[in-house]
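Colleague: I'd like to ask you about the structure that follows.
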């Protein structure tokens, strides 16, 4: 009887929804990000044997997979290119340098240690979603230092998503076809962006209503979903997961480029994502977390990954010494070392494509859990002490 | 080439004294003697709004038709007749600003509101703390106009003269040798604006046209050689192709980027009646608001504040106080929804003759939107630093 109930997809959804509701309250009290709580909750559910089968599995897997795509969409939405434009080429070049050095060290170290290029890319990510609130909290959001860290995080996340797509396409489909698809996605992106800009200029009256809070048809949300799903559907037709990830990310970047500041629509989109789809993805990640694989070898990978994760970010951050103190430079490196949603998404994609094994995926998730809690805390301490 | 002035009051008489080859039409026959003393001025006694009289005077070769009576109805009828006979330039005095709409519908491009401008001017003089912070300053004192082509004389230069006459500023034009200098001087004189024309060689002007920003800011560097430091540049609106827009190849935008003073892109070519100030939470909003109040005060215009996000309450209060001091009616509009779309909607609404915006986006209003407004807005655009 219990098993039948568990297998029912609505009971499963109810369980996830209840946990998704309780977790932020608990994690807020403990002082860890809600995502961490969701993954741990998923792990506990997995340990309790709360694993969906058959019909339930299909539904949960679909929602989790859409949650991942939606997560990438929101990561894109968080990238604010006006900051890059505002601070001119200097900060952009600085951030790009930091990323290139990070990637270089990553590739060097992972190759030396006998791991593939994919891990190097995964380790080059940052966590814009953690960086922004942490910098805001210590009152550095408007400072030159804070903006440099932010732009470095934006560039790291943007470049990693693009490079991971290029890499996986190259790996799966061959260089020419892969490059063709990526180019096509970018051309589509620029066309859609240009058309969007023209639409804003020529039809502001019509578009204006989409962003008002009293819009009964929620046209803005519908348009955002249509935009997101154009890329996802194209990727599904081409049967290439990486394109869906890049497409969703670029759809988010485009919305941010065209409509940043329209808080009502952003809040609605965040609400749908963080209120429903994304917790399902993270709880599902936790439920599929392979404790066995972690115990068999993944656990030994964790310390190594931790060292790598900090080294590849702190060493390039010494470039901050040009204009800032040693304490500031190291603290910037520490904050950029925090990883959360993006690295977990990348690990999930890597596992699906067979680029990382379950032990490595589990270790990456543990790395995300540790750095997402510790790095912002260390950064705050280093600045509070001052 | 003749000028016809309707109304032989003080303003009409003073203007006729500056403009030889003028015909002055005055209804009061007692003024005939006094007006006849003006050298080179023909005096006709009669109703300036009478079509028969005006056709007798002959409007075919009239260059400028100026109606300066204190009666809006007479000025309206006179302007309508001048319009009918296709007089190229019609300037009208409007006593009641609420009447301005019918003059605009008539197609009169140059409308002045002397009562409001004079009231504001006197207000400035008698207000306590004259010359100190309490006074509403004039927005500009030295206006620079690069004459890019002979069209500029009809466009940016004309708008510069209107702004200068309202703000009591002087205008310096940098021009190529072949420009119609006499016409420019005549127009400046009509509006009582001190004018200086600096003639540059054709070769240098070509460089200026192509690269206003060349090696820093060439147009500013050139006038610097004449020890001239403008506090506003008024420039023609620029027609851009798709490729120019895609690759940001706009001379005006480059000038805005390199100039350290406000730049006004001219599209209205008349006095301003409604001014829009676009405000966000950035620091630049202080300058935007301040310039907007000053220009509105000088021109006797209404000021519409488009508030895109939570601007500091103090700023709005300060602008309101400034508006009160300067006799400027301030209308606040708080935006709900997407700020950039709302800004586009408002700028494109054709309700304003001038939009005041920051020169780049540091708040919620984005730089690419600012570029778009500068390039394509239907009204004049003042970008402030």
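The values are calculated or read from the model by the stated rules, or taken from the named source; none is laboratory data. Keep in mind the model is a prediction, meaning the values are calculated, not measured. Cβ coordinates were reconstructed from backbone atoms using ideal geometry, including for glycine residues, and neighbour counts include every protein chain displayed.
Colleague: Select, from B:340, B:351, the only residue that is part of a loop (DSSP other than H, G, I, E, B), closer than 22 Å to residue A:204 by Cα and at pLDDT 85 or above.
Modeller: B:351
Here's the yes/no breakdown for (1) under 30 Å from residue A:254 (Cβ atoms); (2) crowded, with 23+ Cβ neighbours inside 10 Å:
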site	(1), (2)
A:265	yes, yes
A:281	yes, yes
A:288	no, no
A:293	no, no
A:312	yes, yes
A:330	no, no
A:333	no, yes
A:346	yes, yes
A:351	yes, no
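Colleague: Tell me, which residue of segment B:309-329 that is part of a loop (DSSP other than H, G, I, E, B) and modelled with pLDDT under 85 is nearest to residue B:264 (Cα to Cα)?
Modeller: The extreme case among them is B:326.
Colleague: Can you find a residue in segment B:304-319 that is touching a residue at least 40 places away in the same chain (Cβ under 8 Å) and under 20 Å from residue A:80 (Cβ atoms)?
Modeller: Yes, segment B:304-319 contains a residue that is touching a residue at least 40 places away in the same chain (Cβ under 8 Å) and under 20 Å from residue A:80 (Cβ atoms).
Colleague: Follow-up. Restricted to segment A:100-123, and to residues that are part of a loop (DSSP other than H, G, I, E, B) and under 16 Å from residue A:307 (Cα atoms), which residue is nearest to the chain's Cα centre (by Cα)?
Modeller: Only one residue tops the list, namely A:115.
Colleague: Being more than 7 Å from every other protein chain (Cβ to nearest Cβ) and assigned to a loop (DSSP other than H, G, I, E, B) is the filter here, so list the residues in segment B:354-365 that pass it.
Modeller: B:359, B:360, B:363, B:365
Colleague: Would you pick out the residues in segment B:308-326 that are away from chain A (no Cβ under 13 Å) and buried (at least 18 other Cβ atoms within 10 Å of the Cβ)?
Modeller: Matches in segment B:308-326: B:311, B:315, B:316, B:319, B:322, B:323, B:325, B:326.
Colleague: If I go through segment A:138-150 residue by residue, how many of them are more than 19 Å from residue A:321 (Cβ to Cβ), touching a helix residue (DSSP H, G or I) at 6+ places or on another chain (Cβ under 9 Å) and loosely packed, with under 14 Cβ neighbours inside 10 Å?
Modeller: Of the residues in segment A:138-150, 1 are more than 19 Å from residue A:321 (Cβ to Cβ), touching a helix residue (DSSP H, G or I) at 6+ places or on another chain (Cβ under 9 Å) and loosely packed, with under 14 Cβ neighbours inside 10 Å.
Colleague: Right, next: What about residue B:172, is it modelled with pLDDT under 85 and outside any loop (DSSP other than H, G, I, E, B)?
Modeller: no
Colleague: Out of the strands (runs of 3 or more DSSP E) lying entirely within segment B:11-91, which hold 3 or more residues that are farther than 27 Å from residue B:269 by Cα?
Modeller: B:41-45
Colleague: For segment B:366-385, how many residues meet the condition of being more than 14 Å from every other protein chain (Cβ to nearest Cβ) and surrounded by fewer than 21 Cβ atoms within 10 Å (Cβ to Cβ)?
Modeller: So the count comes out to 1.
Colleague: Does residue A:232 qualify as being modelled with pLDDT under 85 and either in a helix (DSSP H, G or I) or within 16 Å of residue A:353 (Cβ to Cβ) (or both)?
Modeller: yes
Colleague: Test of understanding: among A:281, A:289, A:320, which residue is away from every other protein chain (no Cβ under 14 Å), touching a helix residue (DSSP H, G or I) at 6+ places or on another chain (Cβ under 6 Å) and not in a helix (DSSP H, G or I)?
Modeller: A:289
Colleague: Is it the case that segment B:282-296 has a residue that's outside any helix (DSSP H, G or I), outside the structural domain of residue B:171 (by TED's automatic domain parsing), without any contact (Cβ under 8 Å) to a residue 60 or more places away in the chain and in contact with a strand residue (DSSP E or B) (Cβ under 8 Å, 6 or more places away or on another chain)?
Modeller: Within segment B:282-296, none of the residues are outside any helix (DSSP H, G or I), outside the structural domain of residue B:171 (by TED's automatic domain parsing), without any contact (Cβ under 8 Å) to a residue 60 or more places away in the chain and in contact with a strand residue (DSSP E or B) (Cβ under 8 Å, 6 or more places away or on another chain).
Colleague: Residues A:245, A:272, A:299: which one is in contact (Cβ under 8 Å) with a residue 40 or more places away in the chain, out of contact with any helix residue (DSSP H, G or I) (no Cβ under 6 Å at 6 or more places or on another chain) and within 24 Å of residue A:357 (Cβ to Cβ)?
Modeller: A:299 is the lone residue from the list that is in contact (Cβ under 8 Å) with a residue 40 or more places away in the chain, out of contact with any helix residue (DSSP H, G or I) (no Cβ under 6 Å at 6 or more places or on another chain) and within 24 Å of residue A:357 (Cβ to Cβ).
Colleague: Out of the helices (runs of 4 or more DSSP H) lying entirely within segment B:216-264, which hold 2 or more residues that are under 24 Å from residue B:164 (Cβ atoms)?
Modeller: In segment B:216-264, B:218-225, B:251-258 are the helices (runs of 4 or more DSSP H) which contain 2 or more residues that are under 24 Å from residue B:164 (Cβ atoms).
Colleague: For residue B:156, which of the numbered conditions (1) at pLDDT below 75; (2) touching a strand residue (DSSP E or B) at 6+ places or on another chain (Cβ under 7 Å) fails to hold?
Modeller: (1)
Colleague: Take the conditions touching a helix residue (DSSP H, G or I) at 6+ places or on another chain (Cβ under 7 Å) and more than 30 Å from residue A:335 (Cβ to Cβ) and apply them to residue A:217. Does it pass?
Modeller: no
Colleague: Look at segment A:181-209 and say how many of its residues are touching a residue at least 40 places away in the same chain (Cβ under 8 Å) and within 8 Å of chain B (Cβ to nearest Cβ).
Modeller: Residues in segment A:181-209 being touching a residue at least 40 places away in the same chain (Cβ under 8 Å) and within 8 Å of chain B (Cβ to nearest Cβ): 2 in total.
Colleague: Would a scan of segment B:133-146 turn up a residue that is surrounded by 20 or more Cβ atoms within 10 Å (Cβ to Cβ), in a helix (DSSP H, G or I) and at pLDDT below 85?
Modeller: no
Colleague: While we're on this one: All but one of (1) part of a loop (DSSP other than H, G, I, E, B); (2) in contact with a helix residue (DSSP H, G or I) (Cβ under 9 Å, 6 or more places away or on another chain); (3) more than 9 Å from chain A (Cβ to nearest Cβ) hold for residue B:333; which doesn't?
Modeller: Residue B:333 satisfies every listed condition except (1).
Colleague: Still on this structure: I'm told residue A:95 meets every condition in (1) crowded, with 19+ Cβ neighbours inside 10 Å; (2) within 14 Å of chain B (Cβ to nearest Cβ) except one. Can you identify the failing condition by its number?
Modeller: Tallying (1) crowded, with 19+ Cβ neighbours inside 10 Å; (2) within 14 Å of chain B (Cβ to nearest Cβ), residue A:95 fails exactly one: (2).
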